[in-house]
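Structure record follows, encoded as structure tokens.
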Amino acid sequence: MGSHNGNGNAWADQWDKDNHHNVNPTANYYTPEDKKAKYKKKVGEGLDKTKEVAITGMKKAKLGASASFKWIKQKCNRNNSHKY
């Protein structure tokens, strides 16, 4: 089955349209630098999302605290105004 023609190619290689002989088998693998850059990018994206959520949460907490303070201030002013 492994018979070769005059060019040194096996029978199956004659019908293969792509030239696989010049392909680097390690070309599809990531180098350690690529892996580090990819991981760093994912961590950075995660930190950006976390930062956005934290900012949104703090804005909501600030608005809630401000509304609560105003409500308490109004209640106190109403009670104090009746005493005089």
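The values are calculated or read from the model by the stated rules, or taken from the named source; none is laboratory data. For clarity, every value in this text was computed on a predicted model and none was experimentally measured. As a convention, Cβ positions derive from the backbone with ideal geometry for all residues, glycine included, and neighbour counts pool all protein chains shown.
Starting from residues that are assigned to a helix (DSSP H, G or I) and polar (S, T, N, Q), keep the ones in segment 28-58 and report whichever is modelled with the highest pLDDT. Before you say what the answer is, go through the steps one by one.
As a first pass, look at segment 28-58 and keep what is assigned to a helix (DSSP H, G or I): 32-58.
Still in the list and also polar (S, T, N, Q): 50, 56.
Working: Thr50: 90, Thr56: 96.
If we take residues in segment 28-58 being assigned to a helix (DSSP H, G or I) and polar (S, T, N, Q), then Thr56 is modelled with the highest pLDDT.
Checking the condition loosely packed, with under 10 Cβ neighbours inside 10 Å, at pLDDT 60 or above and in a helix (DSSP H, G or I), which residue from Ala61, Ala12 passes? Break it down into steps so the answer makes sense when it comes.
On the way: Ala61 fails: loosely packed, with under 10 Cβ neighbours inside 10 Å.
Exactly one residue qualifies, and that residue is Ala12.
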